[in-house]
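> Got a structure for you, written out below as structure tokens; questions coming shortly.
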Amino acid sequence: MLKDRPTVRAGRLARVGVAVACLVLTSACGEEPAPPVTDRQVIGDWSAACGATIRIAADHTFRFTGFPIRLAGRTAEPERTSGDGKWSLYPGKKGVAPPTLDLDGERSLYSLDYVHDGKKLKLHWSVGDPDEGFHCTFVR
């Protein structure tokens with residue numbers, strides 16, 4: 001019977017590890033995913049504290065100004081652009097990519113992440129390293 005104790009202890013430790021992982025990764029352990037974003041939720045004027053704006057129209061066109069596109073260095077102000085194009089809602093795929101709002105400009109595709117803050121939808125865009133880069137969160 002004493003020979004089984006390490007196996008029981010290892011099993012308990014494994015269950016504790018899974019429980020901790022579930023707390024960290026709640027979406028993977030049964031938490032309801034956020035409802036899909038609809039056209040109606042993104043149509044309108046969006047602005048960010050980073051100084052960028054986006055106008056998203058019902059005809060699936062957009063116009064943005066001051067939109068950050070790349071960093072020249074870690075502490076440098078990002079290069080910005082203004083322009084227009086077509087937008088679409090990418091639904092994401094399990095295990096592939098999260099859902100995004102895709103802005104398809106003349107030469108580039110920009111995919112903004114959805115952020116559900118309570119009942120309010122926000123759009124998030126980052127340039128450079130996700131931890132140390134330049135971030136913009138757009139609100140309506």
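> Can you bin the stretch 95-140 into rounded, prolate or oblate? Criterion: square roots of the alpha carbon gyration tensor eigenvalues sorted a ≥ b ≥ c, rounded for a/c under 1.5, prolate for a/b above b/c, oblate for the rest.
rounded
> Something else now. At 1.4 Å probe size, what's the solvent-accessible area of His60? Round to the nearest 10 Å².
The accessible area of His60 comes to roughly 60 Å².
> Which distance in nm do the two modelled labels at Arg70 and Asp131 give, with both placed 7 Å along the Cα-to-Cβ direction?
Calculated label separation equals 2.4 nm.
> Can you give the extra length, in nm with one decimal, that the chain gains between Ser111 and Ala57 once fully stretched, where that is 0.36 nm per residue apart less the Cα-Cα distance?
Length gained between Ser111 and Ala57: 17.8 nm.
The values are calculated or read from the model by the stated rules, or taken from the named source; none is laboratory data. Fair warning: this is a prediction, and the values are worked out from it, not measured in the lab. Please note: Cβ atoms are built from the backbone with ideal geometry, for glycine as well, and neighbour counts cover all protein chains shown. Heavy atoms of the whole protein, side chains included, go into the accessibility calculation; ligands, DNA and RNA do not. Shrake-Rupley method; radii C 1.70, N 1.55, O 1.52, S 1.80 Å.
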